[in-house]
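The values are calculated or read from the model by the stated rules, or taken from the named source; none is laboratory data. Remember, it's a predicted structure, so these values are computed and weren't measured experimentally. For neighbour counting, all protein chains shown are included, and Cβ atoms are generated from backbone atoms with ideal geometry for every residue, glycine included.
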């Protein structure tokens with residue numbers, strides 16, 4: 001326990017003398033100074049957090065620290081985020097670094113961890129995501145216990161987002177023709193994503209009460225995903241949560257080409273659009289069905305998310321301004337829209353390049 005003695009010195013400065021009793025019963029003293037009493041006491045409390053609280057961490061392992069961090073953060077985070085943190089901690093961080101005392105971990109320990117993950121075949125992007133969690137954990141330790149954040153000195157892996165395979169314009173038309181010849185709920189899902197840019201989790205969570213055919217507005221206010229569970233028999237569970245971010249909660253005008261199709265499938269407000277049931281369709285089930293349709297239509301294998309990319313690229317080609325497109329996609333910035341979701345085909349590049357010419361008469 002720490003004690004503070006505050007007094008005004010003869011030189012006009014305020015001094016706070018702080019002492020605490022260590023685990024062996026010995027007193028430890030430190031003094032800090034300030035031009036005002038408030039300044040001196042603020043410095044004293046920082047000193048207490050950074051020096052005397054340090055002893056609380058000397059026996060705490062990385063495992064203890066990360067478990068404490070997740071417990072403290074849990075009330076502030078989405079259930080899916082907590083599940084993601086636990087999975088990364090239990091599968092990667094704790095087995096490799098869990099038994100190391102927090103104050104004794106070194107940069108070499110972290111770099112050996114990074115190399116081991118590379119040898120296991122993990123992508124640079126995934127390793128980066130694991131390290132971001134570790135960085136947050138040690139930032140918490142720094143703020144709470146005053147220890148140096150070892151992660152501040154770590155050079156993070158360089159990563160780039162993999163290029164997303166997108167169906168060409170011709171392949172998209174072939175897909176649409178196949179879907180119109182073989183109507184089903186999966187066809188509806190594919191067309192909704194291709195013409196509204198909805199994410200797969202948002203699609204599966206969509207209920208008829210979210211679609212106003214009179215106003216022709218589709219509201220995105222939830223998403224669905226499968227997450228890992230803790231202390232229950234089932235290893236995973238399906239959860240419906242708020243969308244990815246605040247900007248992901250949005251209203252999307254429904255294009256004319258989808259109205260008739262939606263009217264054909266219209267059902268009770270509380271039913272989910274894709275399952276026609278009070279229980280939603282699972283995203284991975286939709287992905288499997290999409291893969292089967294691509295195969296039946298003799299089209300290249302692409303991920304369902306590529307439909308969202310195709311939507312964004314088609315919107316740019318149609319003349320959408322980027323701000324409008326960014327809001328329809330539910331992005332927090334137009335930079336994200338441009339960097340991740342807008343793909344220019346070689347045909348379009350040639351079209352623009354051929355606009356460059358010179359006046360032959362003046363040549």
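Checked against (1) assigned to a loop (DSSP other than H, G, I, E, B); (2) free of Cβ contacts under 8 Å to residues at least 40 places away in the same chain, residue 219 passes all but a single condition, namely (1).
When the criteria are applied in full, residue 258 fails the requirement of being assigned to a helix (DSSP H, G or I), crowded, with 19+ Cβ neighbours inside 10 Å and at pLDDT 95 or above. Does region 154-166 include one or more residues that are in contact with a strand residue (DSSP E or B) (Cβ under 7 Å, 6 or more places away or on another chain) and either free of Cβ contacts under 8 Å to residues at least 40 places away in the same chain or not assigned by TED's automatic domain parsing to the domain that holds residue 303 (or both)? For region 154-166, residues in contact with a strand residue (DSSP E or B) (Cβ under 7 Å, 6 or more places away or on another chain) and either free of Cβ contacts under 8 Å to residues at least 40 places away in the same chain or not assigned by TED's automatic domain parsing to the domain that holds residue 303 (or both): absent.
Go through region 241-255 and give me each residue that's in contact with a strand residue (DSSP E or B) (Cβ under 7 Å, 6 or more places away or on another chain) and loosely packed, with under 14 Cβ neighbours inside 10 Å. Before the answer, list the steps.
First, the residues of region 241-255 that are in contact with a strand residue (DSSP E or B) (Cβ under 7 Å, 6 or more places away or on another chain): 241, 243-244, 248-254.
Across region 241-255, the qualifying residue is only 253.
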